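Below is one structure, written out as C-alpha cells, with a few remarks after it.
The values are calculated or read from the model by the stated rules, or taken from the named source; none is laboratory data. The structure presented is a predicted model; accordingly, all values stated were derived computationally and were not measured. Cβ atoms come from the backbone with ideal geometry, glycine included; neighbour counts cover every protein chain shown.
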Amino acid sequence: MLEKNLTILEGILFASGDPVNTEDLAGALECGTEETAAALRALQAHYEEEGHGIRLLRLEDAWQLTTDPSVFPSLIKLVSRPKRYRLTEVLLETLSIIAYKQPITRAEIERIRGVSCTHAIERLTEYGLIEEAGRLQTPGRPMTYKTTDEFLRHFPIETLDNLPDIDLAEEEEIRRNVQDEVGVYTEDADRSEKNAAAGGRHDAVYAEEDPDA
C-alpha cells in the first residue's frame, strides 16, 4: 500500500510542478493526512538517500518536487541561465523584518529601519520573496506584507517555525545602524545639520546598491 501511495504522490507532484497541500494530497490518496504526511516523508528520504537528481521540499504544509542543487551546473548548460537577483544588505534587512514580524505594513517596517523601504518592498515583491497579505481594518487601510513559498525555497527553510530565534527588542539598534549606514537621522533638531554633514550619502548608497533603481 505504501509503495502504491508513493507512486501516486510522485506522479501528482511531478505533474503539478507547484506546491501541493498535504490535505489535497490526502484527498487524492483517499486516506488520512497523517498517513499521507508519513508517505511524503518516506518519499523525501528516498530521494536523499538514493542520490537522485530531484528532491522533495516541504514548504509549510505543502510539498513540491525540485531539482537537486548539485545538478544546477549541468542544468544551466542545457537551459537558459535563470535570472539571478541581487539581495543587498538593504533588501536582506527589510526581508528579515517582514519574515519575523509578518504580516507587517510598510510604515511598521520603516519605523524599525528608520528609513524609507518603498524601493526594497518593490524589489522583494518583484523577486517573488514577499507578497501582499491584505489590508488592515484601520484608518487608511494600509497594505500588509508576508513572505512567500519562494522565500522558503530560496534560503531554504521548510517552515517559518524554523527561522532562527532573534531578539526583536534590538529594533532600535537596527534603526541606528541603518541610519549610520545611509547618513539619515530622524531627530528633528539634528536632521538638517547631520544630513548636510552626510554629504548626500543616502542617495549614493541606494544608487550603488541597485543601479536599476
Conditions (1) hydrophobic (A, V, I, L, M, F, W, C); (2) crowded, with 17+ Cβ neighbours inside 10 Å; (3) not in a helix (DSSP H, G or I); number of the one not met by V90 | (3)
Conditions: (1) of a type outside the set (G, A, S); (2) in a helix (DSSP H, G or I); (3) modelled with pLDDT under 90; (4) touching a Lys or Arg at 6+ places or on another chain (Cβ under 7 Å). T66 meets all but one. Number of the miss?
-> (2)
Just to be sure, is A120 in contact with an Asp or Glu (Cβ under 9 Å, 6 or more places away or on another chain) and farther than 21 Å from E158 by Cα?
-> yes
Return yes when L29 is touching a residue at least 12 places away in the same chain (Cβ under 8 Å), outside the structural domain of L160 (by TED's automatic domain parsing), under 18 Å from the mean Cα position of the chain (by Cα) and surrounded by 12 or more Cβ atoms within 10 Å (Cβ to Cβ) and no when it is not.
-> no
Answer residue from region 125-180, given it is at pLDDT 80 or above and among the β-branched types (V, I, T) and is farthest from P19 (Cα to Cα) among those = T138
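Every residue, every condition in (1) among the charged types (D, E, K, R); (2) within 22 Å of T148 (Cα to Cα); (3) touching a residue at least 40 places away in the same chain (Cβ under 8 Å), yes or no:
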{"position": "L13", "(1), (2), (3)": "no, yes, yes"}
{"position": "V20", "(1), (2), (3)": "no, yes, yes"}
{"position": "D24", "(1), (2), (3)": "yes, yes, no"}
{"position": "Y47", "(1), (2), (3)": "no, no, no"}
{"position": "H52", "(1), (2), (3)": "no, no, no"}
{"position": "L57", "(1), (2), (3)": "no, yes, yes"}
{"position": "S74", "(1), (2), (3)": "no, no, no"}
Would you mind stating whether E50 is on the phi > 0 side of the Ramachandran plot and either in the same structural domain as F155 (by TED's automatic domain parsing) or at pLDDT below 90 (or both)?
-> no
Among the numbered conditions (1) acidic (D, E); (2) in the same structural domain as L160 (by TED's automatic domain parsing); (3) touching a Gly at 6+ places or on another chain (Cβ under 7 Å), tell me where D68 comes up short.
-> (2)
